[in-house]
1. Need the failing condition index for A:VAL243 against (1) touching a Phe, Trp or Tyr at 6+ places or on another chain (Cβ under 7 Å); (2) surrounded by fewer than 15 Cβ atoms within 10 Å (Cβ to Cβ), just the number.
2. Condition first: at pLDDT below 85 and outside any helix (DSSP H, G or I). Now tell me which residues in the range A:329-383 satisfy that.
3. Please state which one of B:ASP123, B:ASP72, B:ASP91 is facing chain A (nearest Cβ under 7 Å) and among the charged types (D, E, K, R).
4. Quick check on my filter: what residues within the range A:218-262 are in contact (Cβ under 8 Å) with a residue 40 or more places away in the chain and of a type in the set (Gly, Ala, Ser)?
5. Hey, can you tell me all the residues within the range A:357-412 that are within 15 Å of the chain's Cα centre (by Cα) and among the acidic types (Asp, Glu)?
6. Condition first: polar (S, T, N, Q) and under 13 Å from A:LEU188 (Cβ atoms). Now tell me which residues in the range A:376-417 satisfy that.
7. Please specify each residue of the range A:274-293 satisfying the condition of being within 10 Å of another protein chain (Cβ to nearest Cβ), under 17 Å from A:LEU21 (Cβ atoms) and β-branched (Val, Ile, Thr).
8. Could you identify the single residue in A:LYS203, A:LYS209 that is at pLDDT below 90, assigned to a loop (DSSP other than H, G, I, E, B) and either more than 22 Å from the chain's Cα centre (by Cα) or farther than 24 Å from A:GLY70 by Cα (or both)?
Amino acid sequence: MIFIVILLAVVLLVAGFEMLLVLGIPALATKTIFYSSMPDLAFIQKTLGGINHTTLLAIPFFIFAAQLMGSGQIAARLIGLVRALVGHTRGGMGYTVIGGSMAFGSVSGSAPATVAAMGRMVYPQMRSVGFSDKFSLGLLVASAETALLIPPSITFIIYGWMTGSSISRLFAGGLAVGLVLGLAFAILVKIEAWRTGVKSFEKSTARQKLQALLDAGWSLGMPVIILGGIYGGIFTPTEAAAVSVVYAILIEAFIYKSLGFAKLVEQTERAAISTATIFILLAMGGVLAFFVTLAQIPAQITEFLTLIDAGPVTFLLAVNICFLVAGMFIDPNSALLILVPPLYPVATAFGIDPIHFGMIVTLNIGMGMITPPFGLDIFVASSTLDRPVMSIIKGVWPFVAANIIVLMIITYIPSVSLFVPNLILGK
Amino acid sequence: MRYLRLAERVFLVTVFLSMVALFTLNVVAREVGGTFASQLAWVDEAVRLMNIFLVFGALGLALEKGRHVGIDTIRESLPHTAKITLRKMIDACGCIFSAYMAYLAFHLVLFVLKTGQQSPTLDLPIGWIYMAPVAGFALLSLRYFLSLISAIDRFDSQENEEEVPAAPGTRS
């Protein structure tokens, strides 16, 4: 019976229905067919009950801050700083893409937006120092994946809300995992630069570096407020998010003078709409999660796994495959909303740490987004950079391979994910 | 339609900026300390309430601007007639689904108001909170309907996402 509902959802998804309908219509159908004794009004109550939560307020605020920074000067100046520091070394433009994507991705939280921004800023220079077309494209697409991992990450806020795990811990773990992934990509850049004899970019003098640092000055306050504020015990993540909006408005308006009243109104409206598109999915997903629990699907999965004598190792492998496939076809938030409710209770039953599980899940979804032939980011890069899908697919393979290695490390060595959160926040 | 759109935008911008201001004020008050902070205990609940109205208030505009998430690669690569038929089917389903949700939400408003339940710190009747989905799904249903009768084009005239300025000092 449950298969009819899943089939309905898949048909709607493939036909290109809005995700809110892909989640909402099957949820409503489940209620009407299988739980007809439940009052209809409970359906609405479930949609609203889930999203009325202080933790989730971090999402509109971080989206708003990101919108202001991305459309203004803060993000651009942070990337300028990364470039001045590492851009001049051999293969340095490659490191700039990785570091810049982390800086931009961390403020924008959106992989597609990161591909678009970094692509426009550094793609021509990567080509001019001698990186091949396919390597440059592959690196741009793959680096954007760090946007999901480096804090503040919307994906982690949603995961934390669904599982009741600490957002601060998830952010700290994401920072570590994001850096490991960045390091893996940097090794690929190093090998490629050495193999193909990429030229180094013009030297940047100490003076230019200092200038870039001064240019970035106020922008650097942003990570200080967010990370310093949260881990210094001054703010909760939600408060840090609200304060970062005020900081972004003040800096962009009064220091960089790039934000007038009309632009503020425009950016506020854009941020409000982005918020709505995420929250309506959370609302619909909340109902779906309720039915997943009601139908005792996690218990059935655990029972099945015990029956075939599968341990945590096999379970995690299966989790990797599920999330990877989901990540290829649907957006990160929907993938979480669909797969976390049935699988998370199973993971805890196997004694897997919630933070560790969050890292595995998020890394997988990110990897799904860049995996050919369907990964969403490949198509985004193709349209924003105006390059054929095939050349991006050719370029992205080495990064997918590096990603698989990192994923295996993260999956089977829990301390990689847990070391930083335990160090900063104690056990 | 023009006035509805203007009203929606004014509403969203006002609510969002007030949320930021209130929440930040709350943090500042707490850091400064004193009795002022404890008088602001209602802020958390108020901002959560405003967020719900923000979210539902933006549903309609989001559809009109083609901003709702969906996987349209397969649909958009279909031959013309099939593509148009499918788009109309989505509009029809979306219109009916959201109208039904608005209808359910409206009944919930009436039901909860009758129970006389009050919110914890603001002392508002809790039923009013469900006016957000009533309005939001109604606005969404309206947009699906307008798209169905081709009064708005939500598929082909999508906004270009994220304008990104060049980094200072980029030598391009």
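The values are calculated or read from the model by the stated rules, or taken from the named source; none is laboratory data. Nothing here was measured: the structure is a model prediction, and the numbers come from that model. Here Cβ is always computed from backbone atoms with ideal geometry, including for glycine, and neighbour counts include all displayed protein chains.
1. (2)
2. A:ILE330, A:ASP331, A:PRO372, A:PRO373, A:PHE374, A:GLY375 - these are the residues of the range A:329-383 that are at pLDDT below 85 and outside any helix (DSSP H, G or I).
3. Working: B:ASP123 fails: facing chain A (nearest Cβ under 7 Å); B:ASP91 fails: facing chain A (nearest Cβ under 7 Å).
Result: B:ASP72 is the single residue among B:ASP123, B:ASP72, B:ASP91 that is facing chain A (nearest Cβ under 7 Å) and among the charged types (D, E, K, R).
4. Matches in the range A:218-262: A:SER219, A:ALA240, A:ALA241, A:ALA242, A:SER244, A:ALA248, A:SER258.
5. The one that is within 15 Å of the chain's Cα centre (by Cα) and among the acidic types (Asp, Glu): A:ASP377.
6. So the first thing to find is which residues in the range A:376-417 are polar (S, T, N, Q), and the list is A:382-384, A:391, A:403, A:411, A:415, A:417.
Scanning the range A:376-417 gives a single hit, A:ASN403.
7. Within the range A:274-293, A:THR277, A:ILE278, A:ILE280 qualify.
8. Working: A:LYS209 fails: assigned to a loop (DSSP other than H, G, I, E, B).
Result of the check over A:LYS203, A:LYS209: A:LYS203.
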